[in-house]
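The values are calculated or read from the model by the stated rules, or taken from the named source; none is laboratory data. All figures in this text were calculated on a predicted structure; none of them were measured in a lab. A quick note on method: Cβ atoms are made from the backbone with ideal geometry, for glycine too, and the neighbour counts reach across all protein chains shown. With ligands, DNA and RNA removed, areas are computed over all heavy atoms of the protein, side chains included. Shrake-Rupley method; radii C 1.70, N 1.55, O 1.52, S 1.80 Å.
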Amino acid sequence: MKNQVLKTLVFQFLAGGVYLAGVGLWNPVNLPSALVGCVASLVPNAYFGLRMLQAANNDNDAAAWLGCAFRAEIGKWVIMGSIVALAFASKYPWDPVVFFAGFVLLQISGWFVPLIRQR
């Protein structure tokens, strides 16, 4: 499990880097929106992955592991909501399309890791 979680996180970080490079080349003015969109996705996913690695290292029963997964998922959503709320509560003129494109891209990128591993 540790290997799969780490590969997923590394793939998401690389996908975020490629997205940021693309936005930077396309329109550098939108780079802050892309960066915050990626951070709003990467930080909660990293938190969730690290919490699940902690649960995997402990030899817990299924109920304890599931409880840890629920707490980690709630924490992930709280962190994600806080970052998005802080971003849009600020007075900075974000480009919402670029922001949410980076956010959604990195959320979906975790789905592709199992497909890549099978090849």
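Could you please find all residues in segment 23-33 being assigned to a helix (DSSP H, G or I) and closer than 13 Å to Asp95 by Cβ?
Val23, Trp26, Pro28, Val29, Asn30, Leu31, Pro32, Ser33
Has segment 5-22 got at least one residue that is outside any helix (DSSP H, G or I), surrounded by 14 or more Cβ atoms within 10 Å (Cβ to Cβ), in contact (Cβ under 8 Å) with a residue 60 or more places away in the chain and of a type in the set (Phe, Trp, Tyr)?
First, the residues of segment 5-22 that are outside any helix (DSSP H, G or I): none.
No, segment 5-22 contains no residue that is outside any helix (DSSP H, G or I), surrounded by 14 or more Cβ atoms within 10 Å (Cβ to Cβ), in contact (Cβ under 8 Å) with a residue 60 or more places away in the chain and of a type in the set (Phe, Trp, Tyr).
Tell me, yes or no, whether segment 20-34 has at least one residue that is under 22 Å from Leu6 (Cβ atoms) and at pLDDT 90 or above.
yes
Can you report the number of residues in segment 23-38 which are surrounded by fewer than 17 Cβ atoms within 10 Å (Cβ to Cβ) and either on the phi > 0 side of the Ramachandran plot or polar (S, T, N, Q) (or both)?
Of the residues in that region, 1 qualify.
Taking the condition touching an Asp or Glu at 6+ places or on another chain (Cβ under 9 Å), open to solvent by less than 20 Å² (accessible area, probe 1.4 Å) and hydroxyl-bearing (Ser, Thr, Tyr), does Ser41 pass?
No; evaluated as a whole, the condition is false for this residue.
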